[in-house]
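Enquirer: Input: one structure, supplied below.
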Amino acid sequence: MMIRLSEIEIDSNYLKQYNSILQEEARASVQFEAGVIAIYPLYQKENPTQIRILEIYANREAYEAHLKTPHFQKYKTSTLKMVKFLKLVDMDNIDPQTMGDIFRKIHK
């Protein structure tokens, strides 16, 4: 499993447009890519230009395949001018057992 947290700052002039493009990309990734477990975009309530994306992939190969998809390429090229800051942070879970429980609980 590969887990990444994307830390992004968006130019406030493009926030609504960026969020729309991001939402479309996240939905397509989860719907059409078997190796994408989750693409979960979030924003800070007090500062909505601060975006975080929790990305969970089955493995590194699924992540690499994701980068080549048309929907990701569209997202990346159409949002370049909107992004003021981007940091990709590779993460690991402390309790892998609980992750499955979380996803099962969501579907109840």
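Enquirer: Please determine whether any residue of the stretch 11-34 is under 20 Å from G100 (Cβ atoms), modelled with pLDDT under 95 and aliphatic (A, V, I, L, M).
Expert: Taking every residue of the stretch 11-34 in turn, none turns out to be under 20 Å from G100 (Cβ atoms), modelled with pLDDT under 95 and aliphatic (A, V, I, L, M).
Enquirer: Being over 9 Å from the mean Cα position of the chain (by Cα) and part of a strand (DSSP E or B) is the filter; apply it to the stretch 43-69 and report the residue that is nearest to M82 (Cα to Cα).
Expert: Residues of the stretch 43-69 over 9 Å from the mean Cα position of the chain (by Cα): 43-51, 57-69.
Narrowing the set further to residues that are part of a strand (DSSP E or B) leaves 43-44, 47-51, 57.
Values: Y43: 15, Q44: 17, N47: 16, P48: 14, T49: 10, Q50: 12, I51: 12, Y57: 25 Å.
Step by step, filter the stretch 43-69, then rank; the result is T49.
Enquirer: Can you tell me how many residues within the stretch 7-42 are touching a helix residue (DSSP H, G or I) at 6+ places or on another chain (Cβ under 6 Å) and assigned to a strand (DSSP E or B)?
Expert: Adding up the residues that qualify gives 4.
Enquirer: Another question about this same structure. Residues that are among the aromatic types (F, W, Y), closer than 14 Å to R4 by Cα and either surrounded by 14 or more Cβ atoms within 10 Å (Cβ to Cβ) or out of contact with any Phe, Trp or Tyr (no Cβ under 9 Å at 6 or more places or on another chain) (or both): does the stretch 49-67 have at least one? Let's see the steps before the verdict.
Expert: So the first thing to find is which residues in the stretch 49-67 are among the aromatic types (F, W, Y), and the list is 57, 63.
Subsequent filtering for residues that are closer than 14 Å to R4 by Cα retains 57, 63.
The next check asks that each one be either surrounded by 14 or more Cβ atoms within 10 Å (Cβ to Cβ) or out of contact with any Phe, Trp or Tyr (no Cβ under 9 Å at 6 or more places or on another chain) (or both); those that pass are 57, 63.
Yes, that holds for at least one residue.
Enquirer: Among the residues of the stretch 82-97, what is the count of those that are in a helix (DSSP H, G or I) and surrounded by fewer than 11 Cβ atoms within 10 Å (Cβ to Cβ)? Give the steps one after another, and end with the answer.
Expert: Step one: of the stretch 82-97, the residues in a helix (DSSP H, G or I) are 82, 96-97.
Checking which are surrounded by fewer than 11 Cβ atoms within 10 Å (Cβ to Cβ) leaves us with 96-97.
Going through the stretch 82-97 one residue at a time, the tally reaches 2.
Enquirer: Looking at the stretch 65-72, is at least one residue in contact (Cβ under 8 Å) with a residue 12 or more places away in the chain, aliphatic (A, V, I, L, M) and in contact with a His (Cβ under 6 Å, 6 or more places away or on another chain)?
Expert: No, every residue in the stretch 65-72 fails to be in contact (Cβ under 8 Å) with a residue 12 or more places away in the chain, aliphatic (A, V, I, L, M) and in contact with a His (Cβ under 6 Å, 6 or more places away or on another chain).
The values are calculated or read from the model by the stated rules, or taken from the named source; none is laboratory data. In this text the structure is predicted, and so the values were computed from the model without any measurement. Don't worry about glycine lacking a Cβ; one is built from the backbone with ideal geometry, like all the others, and counts go over all protein chains shown.
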